[in-house]
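Heads up: the structure comes next, in structure tokens.
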Amino acid sequence: MKTGIFICHCGHNIKHTVDVAGLSEYFRKYPQVTVSEDYPFLCSEPGQNMITDSIEKHGLDRVIVASCAPSLHGELFKDLLRKKDVNPFLLRRVSIREHCSWVGDDMEENTEKAKRLILSGLYGAAHFIPLEEKQVDVNKSALVLGGGVSGLSAALFLSKMDMQVYLVEETPELGGRVRELKSVWPSRKNGADIIAEMENELKARDNVAIFTSSKLTNFEGFFGNYQATIDTPNGEKKVMAGGVVVAIGFTPFDPDIKPELGYGRDPRIVTTLDLERMADALKLPDKPRVAVLHCIGSRDEQIGRPYCSRICCINALRAAEGIKERYPDSYVESFYMDMRAHPRGGEEFFEDTQEKGVLFTRANIAEIIPEPEGVVLHGEDTLLDEVFERGFDLVVLSIGMSSPATSRDIASLLKISLDKDKFFLEAHIKLRPFDTAVKGIFIAGSCSGPKDVEESISHGRASALKLYGFLNLGYAFVDPFISIVDPKRCSGCRMCEQACVAKAIKFDEDKHVVHVEEAACMGCGLCNATCPSSAISLKGYVDTIIGDEISALLEAM
Amino acid sequence: MDNSGKNVLVVGGGIGGITAALELASCGINVSMVESGPSIGGRMIQLDKTFPTLDCSTCTLSPKMVEVSLNHNIDLMSVSQITHMARKGPGFLVGIKKNPRYVDPKKCTACGTCSEACVMKDRIPHEFNMMLGKRAAIYMPFPQAIPQKYLVDPERCLFVSRGKCKKACMDACETGAIDFEDKGEELEAYFDSIVLAPGFDVYDPTEKQELGYGTLPGVVTGLEFERICSVTGPTGGDILLNGKEPKRFYFIQCVGSRDRQSGARYCSRVCCMYTAKHASIVKDRVKDAEVYVSYIDVRAYGKGYDEFYKTTQENGALYIRGIPGEVVEGDGCLVVRVEDMLTGEMREIETDMVVLATGVRPRKATAELCDVLSIECDDYGFIKVDAVAPSQTNVDGIFVCGMGSGPKDVPDTVASGGEAASRCMEYIVKGTGS
């Protein structure tokens, strides 16, 4: 056996608190280790060349890369083996960044832990066998969940690329929240017009099936061959989809959660969204006093919304401007924490709004109390360090974005993850911002975190393009980490069948044993753990590998 | 759908251009990437870490750069420019000038002996390091550069510029890769569509004399500070000022942003967060560091940003609302004079290093590029786009992504790269009537 060990400095990230040179030196003493080296960035071209050159020069048959977590750059290092005709499953990744250098700053302890982890990889890799990835055909069709501006952008693009599209929208109408906006930033176009244009274009296409008032009820299969069950007003529909774009948007923050705001108890307290709907019906005195409050349901840890909602400062500015235009003699005061007018043209808009006479007060508002003669704000001016009470005829709450109401349901149906705020979690915020951990399932728009219209459109299209790039190939490779059953050991108890979430285990009535449907198996290993007769094992993760890796961690060194 | 035989030109090899190029290539499109500099990677590859995850920038971007160089559908042209363009049917006939590198890429092994031998070694200010540190006239801008090849700087090479040099580099090169006869190449090619990713420059704060940039040692820009922090930078990643580790740091935000005087009313969208990142890097690497940040509004609007800002404060960075009136020389230190708007008090704060969070400007070459391509820009010089189709320029078939159309952070640039590529695909498909 000829093993090559390659240890990455990751710039400062690992080298800062792990003795990388000491590690590469240490492993040279093992007889099965042919080469052991360290390098500043293994993922860069010189770093990659170092690995491929070593494979060629020494005829390596095992490669251990000790660097970042395997979820990052997994395929990159596998490809290096492929390039040199070495089976890619003879690669072992060891995480010495996320599991060592980022955890603590004690050089000695970190180095010791890294040593153990690499040794464990070395012992485990000894049992690796070449595995083959199976090629499967993919369905050139896509399921798009959500008919808001992001979902519509995705659906339109995929349809134009000759993909069959199934668009599922929960409400009776397409267009999501954008339909309600009178003036979309920064174009100032009417939201309904933007939607109508997209909707008409989509409806004119013959490769798009639109299901409104519908929802996804079941989802199974694997990349390229997903089966979705959709509950529609015309009964249940089953469709095949190669992949999915999830664009289910957001839920406007409900100010009821903060009773001190008085929302819902007095018609003079409204949200920015209410104001969009009722602007024409607004009845105020000639010289109204209007307050606009920023950060309602954002940057607020107490109610579990620690994040900034990204769009509400501009919405608040639009509300203030709208009032000023309608009532030139009005007194409009905006209460903010930090003015986040970052979108295109936003800063200029903020300045112009000040010039139009809107006052901006940096403040924390503690309470809103409706009195017969006016709604009274109780707050603290953080610049003057003064407590104030001020009466208004109208209070507008610039509400933030909360995670979509159905994010949990969709996440559990599609087996994708949510972040701490219950928005969908990206595979990597910069490298793979549209990917989820499940192949072929992409996320777009504000369901992965607050976004404005422009950004949601970009996201919808970018996700759709990713999916198209995958599906247009016409084939895909399936992971070889699947369960195999030893029929001689199987007692036919069928406990594994119950455990399997992918419905991949089938019982053979005649032979009274189970077998695994390879294409459906996700390689989760639940059946392995359940089997009382140890009749099932997972390719690439057999017990000897796990056992030896554990003993390496415990062995005296 | 068979997309082979379709050609797209991507101008600019930063994270925006790279994203667009890789997406297009994965759809089977032939992509020509024209980069004016010696390596792709753009501004992002100059960064030490990226917010809010503190991922190392090189580790995030380098694999994508390698993908560009290995992808069979992508033809990378470095040190190259667009010279002319003419509309031809739905597409474009474009002239490209490939400037000479004077090093044969097929022979160069990037061993670096030429650079070691160069008589100009350690004598030329290094652009990649924001002029901190020196390089030779034959060089590779940074160890992870793509192409992974050396090149000669014709303006600074004594032989190319004056015809007088002993050419030690040629003797040193074992593979005979150096070729002073290299004339470069001019070519003209047809493209079905074009994606522009010209990127950005940073504001030069020299004109703000009150802040002392250029006159007081220890006053640096944000991008200079990135290079000081970076492992591939002039100090190997040790935070040093004249060889000594500073202990007191003062970060000033909104330098050349939200500022009519400097000609930019707009917000640069990245400086609040990169400052928070700098503050947390300092807190992590410099023991007992004292960190002040001056701000107007902290614009931590992206996913995980506000949480990152909060953590930075919790780790001890002191935020002062108010931009300093001046930075002056003190007794063996710098003194920052600032009105703290929250307490109303005038303060004088002693510090060792002042980092100016300089804002974003259109890249200088953008104006020329837009001239050649008949692209309209806004008053600031950013490329004008349709707000509902944010990569659509005034020319049908030419799209833009990244900072070229206005300030964006990395996640937004990646999204805009994908969007531009998608519009490009749509334009091409429509053009062929399929």
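Of all strands (runs of 3 or more DSSP E) completely enclosed by the stretch B:1-120, which ones contain at least 3 residues that are touching a residue at least 60 places away in the same chain (Cβ under 8 Å) and more than 22 Å from the chain's Cα centre (by Cα)? Steps first, please.
On the way: elements: B:7-11, B:30-34, B:74-77, B:80-88, B:91-98.
Qualifying strands (runs of 3 or more DSSP E): B:80-88, B:91-98.
Please tell me if B:Ser280 is among the small types (Gly, Ala, Ser) and in contact with an Asp or Glu (Cβ under 8 Å, 6 or more places away or on another chain).
Numbers: among the small types (Gly, Ala, Ser): yes; in contact with an Asp or Glu (Cβ under 8 Å, 6 or more places away or on another chain): no.
Taking the combined requirement at face value, the residue does not satisfy it.
With B:Glu290, B:Glu307 as the choices, which residue is farther than 19 Å from A:Tyr307 by Cα, at pLDDT 95 or above and assigned by TED's automatic domain parsing to the domain that holds B:Ile239? After ruling out the rest, the residue left standing is B:Glu290. Only residues that are modelled with pLDDT under 95, within 14 Å of another protein chain (Cβ to nearest Cβ) and more than 20 Å from B:Leu54 (Cα to Cα) were counted in the stretch A:1-47, giving 4.
Residues checked against (1) touching a Leu at 6+ places or on another chain (Cβ under 7 Å); (2) in a loop (DSSP other than H, G, I, E, B):
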residue: A:Ile7; (1), (2): yes, no
residue: A:Gly11; (1), (2): no, yes
residue: A:Ala21; (1), (2): no, no
residue: A:Cys43; (1), (2): yes, yes
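So in the stretch B:230-240, with the set limited to residues that are over 12 Å from B:Met353 (Cβ atoms) and either among the β-branched types (Val, Ile, Thr) or crowded, with 22+ Cβ neighbours inside 10 Å (or both), which one is nearest to the other protein chains (Cβ to nearest Cβ)? Checking each candidate, the answer is B:Val231. Among residues of the stretch B:328-348 being of a type in the set (Val, Ile, Thr), closer than 24 Å to B:Arg299 by Cα and touching a strand residue (DSSP E or B) at 6+ places or on another chain (Cβ under 7 Å), the one that is surrounded by the most Cβ atoms within 10 Å (Cβ to Cβ) is B:Val336.
Scanning the stretch B:318-373 for residues that are in a loop (DSSP other than H, G, I, E, B) and touching a residue at least 40 places away in the same chain (Cβ under 8 Å) yields B:Ile323, B:Pro324, B:Gly325, B:Cys333, B:Asp352, B:Gly359, B:Arg363.
Would you check if there is a residue in the stretch A:541-551 being at pLDDT below 90 and surrounded by 14 or more Cβ atoms within 10 Å (Cβ to Cβ)? Yes, the stretch A:541-551 has at least one match. Restricting attention to the stretch A:431-440 and to residues that are within 11 Å of chain B (Cβ to nearest Cβ) and surrounded by fewer than 22 Cβ atoms within 10 Å (Cβ to Cβ), the residue that is nearest to A:Ser463 (Cα to Cα) turns out to be A:Arg432.
Which helices (runs of 4 or more DSSP H) sit wholly inside the stretch A:56-167 and have at least 2 residues that are out of contact with any Lys or Arg (no Cβ under 8 Å at 6 or more places or on another chain) and surrounded by fewer than 23 Cβ atoms within 10 Å (Cβ to Cβ)?
On the way: elements: A:74-83, A:107-125, A:149-160.
The helices (runs of 4 or more DSSP H) meeting that bar are A:74-83, A:107-125.
Restricting the search to the stretch B:375-417, which residues are more than 8 Å from every other protein chain (Cβ to nearest Cβ), part of a strand (DSSP E or B) and among the hydrophobic types (A, V, I, L, M, F, W, C)? Those that are more than 8 Å from every other protein chain (Cβ to nearest Cβ), part of a strand (DSSP E or B) and among the hydrophobic types (A, V, I, L, M, F, W, C): B:Cys377, B:Ile383, B:Ile398, B:Phe399, B:Val400.
Within the stretch B:333-344, identify whether any single residue is within 14 Å of chain A (Cβ to nearest Cβ), charged (D, E, K, R) and either on the phi > 0 side of the Ramachandran plot or over 27 Å from the mean Cα position of the chain (by Cα) (or both), and answer yes or no. Don't jump to the end; show me each part of the working.
Residues of the stretch B:333-344 that are within 14 Å of chain A (Cβ to nearest Cβ), as a first pass: B:339-344.
If we keep only those that are charged (D, E, K, R) as well, we get B:339-340.
When the remaining residues are screened for being either on the phi > 0 side of the Ramachandran plot or over 27 Å from the mean Cα position of the chain (by Cα) (or both), the result is B:339-340.
The answer is yes, given that some residue of the stretch B:333-344 is within 14 Å of chain A (Cβ to nearest Cβ), charged (D, E, K, R) and either on the phi > 0 side of the Ramachandran plot or over 27 Å from the mean Cα position of the chain (by Cα) (or both).
Count of the stretch A:180-198 residues, restricted to those that are assigned to a helix (DSSP H, G or I) and within 14 Å of chain B (Cβ to nearest Cβ), is 8.
Among the residues of the stretch B:272-305, the ones that are assigned to a helix (DSSP H, G or I), within 11 Å of chain A (Cβ to nearest Cβ) and touching a Ser or Thr at 6+ places or on another chain (Cβ under 8 Å) come to 0 in all.
Beta carbons closer than 7 Å, at least 6 apart along the sequence or on distinct chains, pair a first residue in the stretch A:15-44 that is over 15 Å from A:Thr3 (Cα atoms) with a second that is among the acidic types (Asp, Glu) and part of a loop (DSSP other than H, G, I, E, B) for A:Thr17/A:Asp105. The residues listed here are B:Met33, B:Met65, B:Met1; of these, the one that is closer than 26 Å to B:Val429 by Cβ and at the interface with chain A (Cβ under 10 Å from one of its Cβ atoms) is B:Met1.
Of the residues that make up the stretch A:431-445, is at least one touching a Ser or Thr at 6+ places or on another chain (Cβ under 8 Å), of a type in the set (D, E, K, R) and not assigned by TED's automatic domain parsing to the domain that holds A:Phe335? First the steps, then the outcome.
Taking the stretch A:431-445 first, the residues touching a Ser or Thr at 6+ places or on another chain (Cβ under 8 Å) are A:431, A:433-434, A:436-437, A:442-445.
Narrowing the set further to residues that are of a type in the set (D, E, K, R) leaves none.
No - not one qualifying residue is present in the stretch A:431-445.
Here the helices (runs of 4 or more DSSP H) wholly within the stretch A:449-534 that include at least 1 residues being away from every other protein chain (no Cβ under 14 Å), touching a residue at least 24 places away in the same chain (Cβ under 8 Å) and of a type in the set (A, V, I, L, M, F, W, C) are A:495-499, A:526-530.
Residues checked against (1) surrounded by fewer than 24 Cβ atoms within 10 Å (Cβ to Cβ); (2) in contact with a Gly (Cβ under 8 Å, 6 or more places away or on another chain):
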site: B:Asn394; (1), (2): yes, no
site: B:Val400; (1), (2): no, no
site: B:Met403; (1), (2): no, yes
site: B:Asp409; (1), (2): yes, yes
site: B:Ser416; (1), (2): no, yes
site: B:Ala421; (1), (2): no, no
site: B:Ile428; (1), (2): yes, no
site: B:Gly431; (1), (2): yes, yes
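Can you tell me how many residues in the stretch B:82-123 are crowded, with 19+ Cβ neighbours inside 10 Å, of a type in the set (A, V, I, L, M) and farther than 25 Å from B:Ser69 by Cβ? The number of residues fulfilling the criteria is 2. Are any residues in the stretch A:399-448 over 9 Å from the mean Cα position of the chain (by Cα), of a type outside the set (A, V, I, L, M) and part of a helix (DSSP H, G or I), and if so, which ones? Once the filter is applied, which keeps residues that are over 9 Å from the mean Cα position of the chain (by Cα), of a type outside the set (A, V, I, L, M) and part of a helix (DSSP H, G or I), the stretch A:399-448 yields A:Ser407, A:Arg408, A:Asp409, A:Ser412, A:Gly445, A:Ser446.
Table: residues versus (1) in contact with a strand residue (DSSP E or B) (Cβ under 9 Å, 6 or more places away or on another chain); (2) free of Cβ contacts under 8 Å to residues at least 24 places away in the same chain; (3) more than 14 Å from chain B (Cβ to nearest Cβ).
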| site | (1), (2), (3) |
| --- | --- |
| A:Asn225 | yes, no, yes |
| A:Thr229 | yes, yes, yes |
| A:Lys237 | yes, no, yes |
| A:Gly242 | yes, no, no |
| A:Val246 | yes, no, yes |
| A:Asp280 | no, yes, yes |
| A:Asp286 | no, no, yes |
| A:Ala316 | yes, no, no |
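Every residue, every condition in (1) part of a helix (DSSP H, G or I); (2) in contact with a His (Cβ under 9 Å, 6 or more places away or on another chain); (3) at pLDDT 95 or above, yes or no:
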{"position": "B:Gly214", "(1), (2), (3)": "no, no, yes"}
{"position": "B:Leu223", "(1), (2), (3)": "yes, no, yes"}
{"position": "B:Ile228", "(1), (2), (3)": "yes, no, yes"}
{"position": "B:Gly233", "(1), (2), (3)": "no, no, no"}
{"position": "B:Gly237", "(1), (2), (3)": "no, yes, no"}
{"position": "B:Pro246", "(1), (2), (3)": "no, no, yes"}
{"position": "B:Tyr250", "(1), (2), (3)": "no, no, yes"}
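The values are calculated or read from the model by the stated rules, or taken from the named source; none is laboratory data. Since the model is a prediction, treat every value here as computed from it, not as a measurement. Using ideal geometry, Cβ is built from the backbone for each residue, glycine included, and neighbour counts are taken over all protein chains shown.
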